[in-house]
Amino acid sequence: MTSSMLFNIATFSYLISMLVFFTFLAVKSKQVGFTGSLVAYFGFVVHTAAIILRWKESYDIGMGHAPLSNLYESVVFFSWTIILIFGAIDLKYKYRVVGAFVVPFALLGMAWAQLGMDSGIQPLVPALQSNWLLYHVITCFLGYAAFAVACGISIMYLIKAGKDEPSGGAQAGGIIAMFPSIKILDDLNYKAIIIGFPLLTLGIITGAAWANYAWGTYWSWDPKETWSLIVWFIYAAFLHARFTRGWVGKKAAVLSIVGFAATIFCYLGVNLLLSGLHSYGGG
Amino acid sequence: MTTSDRGFLQTLWDFFCSVKLAIFLLILLAATSIIGTIIPQGTPPPEYLQTISEGKYKIYQALGFFDMYHSWWFILLLYLFTVNIVACSIKRLPRVWKIISEPVLVMDDSFEKTLSLTHDVKMNGDAASLRDKMAAFLKGEFSEPVITERDGEYHLFAQKSPYSRLGVYVVHLSIVVIFIGALIGSFFGYKAYVNIVEGTGTSVVYNRAGQKPIDLGFTVRCDDFSVSFYETGAPKEFKSLLTVIDDGKVVVEKRPTIVNDPLSYKGITFYQSSYGPAGEDGLYHFTVRERKGGEPVRLSLHQGERKLLPDGSSMQVLEAAQEVSQFMPQFSGAAARIEVTPKGGGEPQAFVVFKNYPEFDAQRGADLIFTYDGSDEKMFTGLQVAKDPGVWVVWTGCFLMVAGCCMAFFMSHKRIWIRVRKGQVTLGGSANKNQPGFQLAFDGLVEKLKQL
């Protein structure tokens, strides 16, 4: 059993989970929703085992490092954190239908990594040989994942709010009726963001601490650093608008989606389109 | 001061106290920051300048786009943002502090109406004994209450984590602290670099902006530099052995300094950053033996130098590498490309010999068999040098920011009031965050009260 096989099983599980969640939207059976979550959890367990196995494999070939060192490994880890945050929200609030809008993000990441990227284990370049790599990457990606979940929930919000309006408060039929009420969606959006914001803050701080330790400057306005700050500014604006100016509902949902778009640019756009110190996406 | 002056100052103050301004500045900072991630910063490469027109270049130059994070308008935005944060906090803090330090101890009828969570419970007993019962109940289930008597009624007030209300101000303070740390660093610190050739030392480093020399006040010597590679040819480790000599005494001896493990002395930190050959004066060593037998001969020569061999032919070193796998992935270790010219002239032959494969050259089939014994080519180590006395202030600010975020997002100020009348107990509750969660806790409290 290789880690690569396990990653494929996890990817396939997320695909099944997503399809089951879509079925759930149509048939509205509680058992189907439960099955969707269960399959996602199964995928998560396999995914976790695969990451650990890949870690071990890197030691077996004498390169020994955490599987967080290149674009392939980071996308795989990003998908893992999305399911982790989804699981936390699913277990706590039990709105299964959220899975239909969040699991696809994880599936997308895994499918891209498995099908479109070189999965070979590469040796760690000197710049990444530090324990800070672990702290920095884990906090950043947990933050990104929380924003991904918030984005999925915001999309649900906009669909629901858009469908509810014309019918003038009457019961909207079909799939939309399965969604939690817009009040709950709005609250979940906020909850996901207040999980993500401190994690992103920690991610930026651990990055600064590492940069200071390795290069002697905690901030050098590198494109990656700058974009992480831009994301931070956007969510800070979201929180202030919500607390003091009553920006809830549609405006909050739109800002949450804009924030996640900036997050994705910070994660992928900077590496693929701009130049800088975080070179793992290059080439 | 005239009234219009006061009017102006008041307007200015109100302007800076506005959260609208804060949101506007956050969005503006986010939007303008994008510029510097698209336009190369510092000295833009000539290839980039060729892609933009003369007019565009002049506009970019005037707006400071080539060093935009240090341009006057970006710094001004940051200062405005700081003033905004401070003003907002100063305006709102006294009100919040009052809620913490002078809590409403008495829930009268008008106050009760403002609370979303209230509950009446009928209970037997006179007011005094109910008061004691309720005090014990709150202490056991929630927190120690304050008891006030008014008009024959007893009012109990208990609260949890009132200081969580300060979380947002802790975050605001942390941003100011980080800015102060950054200012200390920029006024009293420097970023510099230095290249040190193996075996030599220096007490002078050069400022990265402007190449101005800076005297360290002590000497740093590089005793040895080495670089190792993975089998794939990718670099594995750069290592300098650094010795610090202060006032004639060796204070740090041969400290290995690698990427991600810098050397610090007297507040100045040295970071392994780059390396290179120190010059052309490296000495290369070879052993030559004749195929038909006889004593091997050892030879040492500089690059470009020609030496006579035992059979009358001559050799010279064309090039050498510490690690050949970058060029020839199937081999590893040091290698040299040499050229042998037969006795009395003729067609010279060039070939590669490897330090790790001493028998390799025998396969060439020539009369002379060469092995490469390595070089003592001198390297230089490139070190980044930084002094930043403000860095601990920045870390303090970062710590405050994380602590403040946790206070602001995950803790809430929960308050419970109990009014005791003869035969009747009224509960009121409020939390400034996470209302649904608090409602569950409040309902639980009511259930327990009914069991009493």
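The values are calculated or read from the model by the stated rules, or taken from the named source; none is laboratory data. Bear in mind that the values here come from a model prediction, so they are computed numbers and not experimental data. Cβ sites come from the backbone with ideal geometry, for glycine too, and all protein chains shown count toward neighbours.
Things to note:
- Scanning segment B:345-355 finds no residues that are buried (at least 18 other Cβ atoms within 10 Å of the Cβ), at pLDDT 90 or above and either within 30 Å of residue B:216 (Cβ to Cβ) or not hydrophobic (A, V, I, L, M, F, W, C) (or both).
- Scanning segment B:6-47 for residues that are among the aromatic types (Phe, Trp, Tyr) and away from chain A (no Cβ under 14 Å) turns up B:8, B:13, B:15, B:16.
- Unmet criterion (only one of (1) crowded, with 18+ Cβ neighbours inside 10 Å; (2) touching a helix residue (DSSP H, G or I) at 6+ places or on another chain (Cβ under 9 Å)) for residue A:49: (1)
- Annotation note: of A:147, A:101, A:105, A:141, the sole residue that is part of a helix (DSSP H, G or I), of a type outside the set (A, V, I, L, M) and within 30 Å of residue B:238 (Cα to Cα) is A:141.
- Pair list, Cβ < 7 Å and 6+ apart or interchain, from segment B:393-411 residues that are at the interface with chain A (Cβ under 7 Å from one of its Cβ atoms) and touching a residue at least 24 places away in the same chain (Cβ under 8 Å) to residues that are of a type in the set (Ser, Thr, Tyr) and in a helix (DSSP H, G or I): B:401/A:201; B:401/B:174; B:405/A:201
- Flag for residue A:202 being over 23 Å from residue B:74 (Cβ atoms), surrounded by fewer than 22 Cβ atoms within 10 Å (Cβ to Cβ) and at pLDDT 95 or above: yes
- Taking each residue of segment B:431-452 that is at positive phi and looking for partners that are surrounded by 12 or more Cβ atoms within 10 Å (Cβ to Cβ) with beta-carbon atoms closer than 7 Å, six or more apart or interchain, yields B:434/B:412.
- Of the criteria (1) more than 12 Å from chain A (Cβ to nearest Cβ); (2) within 26 Å of residue B:403 (Cβ to Cβ); (3) in contact with a Leu (Cβ under 9 Å, 6 or more places away or on another chain), which one residue B:184 fails: (3)
- The condition of being away from chain A (no Cβ under 14 Å) and either of a type in the set (S, T, N, Q) or crowded, with 16+ Cβ neighbours inside 10 Å (or both) holds for only one of B:226, B:240, B:203, that being B:203.
- Residue match in segment A:210-217 (condition: touching a Gly at 6+ places or on another chain (Cβ under 7 Å) and outside any loop (DSSP other than H, G, I, E, B)): no
- Among (1) within 14 Å of chain A (Cβ to nearest Cβ); (2) touching an Asp or Glu at 6+ places or on another chain (Cβ under 9 Å) - the single one residue B:253 does not satisfy: (1)
- Segment B:229-273: number of residues that are farther than 21 Å from residue A:132 by Cβ, assigned to a strand (DSSP E or B) and modelled with pLDDT under 85: 1
- Within segment B:203-225, none of the residues are assigned to a helix (DSSP H, G or I) and either in contact (Cβ under 8 Å) with a residue 60 or more places away in the chain or closer than 30 Å to residue B:128 by Cα (or both).
- Yes/no for residue A:185 being of a type outside the set (Asp, Glu) and within 21 Å of residue B:172 (Cα to Cα): no
- Segment A:196-222, subset over 19 Å from residue B:208 (Cβ atoms) and facing chain B (nearest Cβ under 7 Å), residue nearest to the chain's Cα centre (by Cα): A:197
- Meets criteria (surrounded by fewer than 22 Cβ atoms within 10 Å (Cβ to Cβ), more than 10 Å from chain B (Cβ to nearest Cβ) and outside any helix (DSSP H, G or I)) for residue A:248: yes
- Residue in segment B:427-447 that is among the β-branched types (Val, Ile, Thr) and buried (at least 21 other Cβ atoms within 10 Å of the Cβ) present: no
- With a requirement of 3 or more residues that are over 24 Å from residue A:225 (Cβ atoms) and modelled with pLDDT of 85 or more, the helices (runs of 4 or more DSSP H) lying completely within segment B:1-118 that satisfy it span B:3-16, B:19-38, B:54-62, B:72-101, B:109-114.
- Residues that are closer than 30 Å to residue B:271 by Cβ and either modelled with pLDDT under 90 or surrounded by fewer than 24 Cβ atoms within 10 Å (Cβ to Cβ) (or both) occur in segment A:233-244; there is at least one.
- Residues of segment B:308-328 satisfying the condition of being assigned to a loop (DSSP other than H, G, I, E, B) and either on the phi > 0 side of the Ramachandran plot or not charged (D, E, K, R) (or both): B:309, B:310, B:312, B:313, B:322, B:327, B:328
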